[in-house]
Amino acid sequence: MRMYDIISAKKQGLELSEEEISFFVRGFTNGEIPKYQMSALLMAICLQGMTSKETMILTKEMAKSGDIVDLSVIKGKKVDKHSTGGVGDKTTLIISAIVASLGVPIAKMSGRGLGHTGGTIDKLESIPGFKISFSQKEFIDIVNKVGICISGQSGNLAPADKKIYALRDVTATVDSIPLIASSIMSKKIAAGADNIVLDVKTGSGAFMKTLEGSIDLAKAMVDIGESVGRRMVALVTDMDTPLGYAIGNTLEILEVIDVLNGKGPKDLIDICIELATEMLYVSDKGSLEECKALAKESLESGKAFSKFLEMVESQGGDVSYITNTDKFEKSNVCYELKSNKSGYISKMDVEGIGIASCILGAGREFEGEEIDYSSGIVLNKKTGDTVKEGDILAFLHTSSLEKAKSAEEKILSSLEFSNEKPNEQPIIYARVDKDNIIRY
Ligand code: URA
């Protein structure tokens, strides 16, 4: 078999066989296939697409390129949740606490920030002492004892995806439905949960910018999961506005603590309740209505907050920071970003705002770069709000005025204003399971 022929077949839009897909995944992972050939194939896949059969084979090949985590020693059905990535998306921390407080085990591996989007592991590491690395035995013991453990991704989880993703990142081949679906699902399958709820983001801050593309991506991932025996639901949710008001690691943890204490922004609370409901539903905790009532009760009664405290403690985090948030280190600079225009905010380029938070120090420009946990953005105004010139749009937390000024420019150029109040956008656009696509 020759890589040249595989590239040529895909360039002509032909369906690749199982042997061909297995050949290029193995060959690229073990270094036999060079990056220039893999790049050409990825571009051909981007332009010609893949059938659902090819996408499923690609996913399974990437999943079995490394460790397959065996969670069977943890009692009960394990549920996982995955977001395709957004700005201000701190839902995992709230939802996991809700679901675990209701007796459904969460044995979850999460990632770090990617591009303009934040990552759960970076957020958790902003809590002093919090550990994200465990042996398999420690991880399983914590889940069995506390009902929840969120760890970083093991080094050998779907290594084929790791290598292919790094190449996609620099060859303009990220935004392809079969490539995104197989990338995400290979890691989810290898991570071992029985049931999976996907939060597929759509809009200016998402990898998929259009609603139809996001629904197709959701359907592709649901079908892949179901084909390997996982129970799957995907919600397609809004990323045309950052979620909540806080963007940046410590700032987001503070907003999470607010929500768990019965405060916090409505958009964030609503989406957390919907996602937690779906996680409970796929875990057979009742009808959708019953699961929603359970999720709300956990949040409102403080059960979810108690579970969050237990999780922080069991993972070595200093719980006194959670109960007394004044202890978190503050940034040197808190810059008031004022509006240079009047009117309604009609549009936010969420990717631009995510990049601004990276400029402030909340994300990485290159792999391994240190994060400034206290930095980021606290929005004061969002889409639909009315603003007068000179009003505060956001507070920029960072280490220097120079960074604040450069982020200010990026944020101002990411906002559009109008004289008319824009129509309110739904938070959830669609629900996708194996049988139905329901649009709201
Ligand atoms: N997240 C992933 O893990 N893979 C993608 O391709 C896109 C987002």
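The values are calculated or read from the model by the stated rules, or taken from the named source; none is laboratory data. All values reported here derive from a predicted model rather than from experimental measurement. Cβ placement follows ideal geometry from the backbone for every residue including glycine, while neighbour counts extend to all protein chains displayed. Surface areas here come from the heavy atoms of the whole protein model, side chains and all, with no ligands, DNA or RNA. Shrake-Rupley method; radii C 1.70, N 1.55, O 1.52, S 1.80 Å.
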- Find the residue count for region 143-156, including only residues that are open to solvent by 10 Å² or more (accessible area, probe 1.4 Å) and either part of a helix (DSSP H, G or I) or within 13 Å of the ligand (Cβ to nearest atom) (or both). 4
- Item | Any pair with Cβ under 9 angstrom, 6 or more apart, that starts in region 33-57 at a residue that is closer than 22 Å to K219 by Cα and ends at one that is acidic (D, E) and modelled with pLDDT under 95 | C46/D175
- Of the conditions (1) in a helix (DSSP H, G or I); (2) in contact (Cβ under 8 Å) with a residue 60 or more places away in the chain; (3) surrounded by fewer than 24 Cβ atoms within 10 Å (Cβ to Cβ), K162 fails just one. Which one is it? (2)
- Given the conditions (1) away from the ligand (no atom under 16 Å from the Cβ); (2) surrounded by 19 or more Cβ atoms within 10 Å (Cβ to Cβ), which single one is not true for T91? (1)
- Return yes or no: is G361 at positive phi, buried (at least 19 other Cβ atoms within 10 Å of the Cβ) and in contact with a helix residue (DSSP H, G or I) (Cβ under 9 Å, 6 or more places away or on another chain)? yes
- Query: Among the residues of region 199-206, is any of a type in the set (A, V, I, L, M), near the ligand (Cβ under 10 Å from one of its atoms), surrounded by fewer than 23 Cβ atoms within 10 Å (Cβ to Cβ) and in the same structural domain as R231 (by TED's automatic domain parsing)?
  - Reply: no
- Message: As an exercise: evaluate K382 against (1) modelled with pLDDT of 95 or more; (2) open to solvent by 30 Å² or more (accessible area, probe 1.4 Å) and give the number of the one condition it does not meet.
- Response: (2)
- Item | Only listed residue being surrounded by fewer than 21 Cβ atoms within 10 Å (Cβ to Cβ) and touching a Lys or Arg at 6+ places or on another chain (Cβ under 6 Å), chosen from D194, D284, D258 | D194
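Can you pull out the residues in region 207-235 that are acidic (D, E) and within 16 Å of the ligand (Cβ to nearest atom)?
D216
For every residue, the table says whether it meets (1) within 30 Å of K388 (Cα to Cα); (2) open to solvent by 30 Å² or more (accessible area, probe 1.4 Å); (3) modelled with pLDDT under 95.
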{"residue": "I269", "(1), (2), (3)": "yes, yes, no"}
{"residue": "I273", "(1), (2), (3)": "no, no, no"}
{"residue": "M279", "(1), (2), (3)": "no, no, no"}
{"residue": "L288", "(1), (2), (3)": "no, yes, no"}
{"residue": "K292", "(1), (2), (3)": "no, yes, no"}
{"residue": "S306", "(1), (2), (3)": "no, yes, no"}
{"residue": "E313", "(1), (2), (3)": "no, yes, no"}
{"residue": "Y321", "(1), (2), (3)": "no, yes, no"}
{"residue": "N340", "(1), (2), (3)": "yes, yes, yes"}
- Message: Filter region 410-430 down to the residues that are touching a residue at least 60 places away in the same chain (Cβ under 8 Å) and either farther than 28 Å from L360 by Cα or in a helix (DSSP H, G or I) (or both) and list them by number.
- Response: I411, L412, N419, E420, K421, P422, Q425, P426, I428, Y429, A430
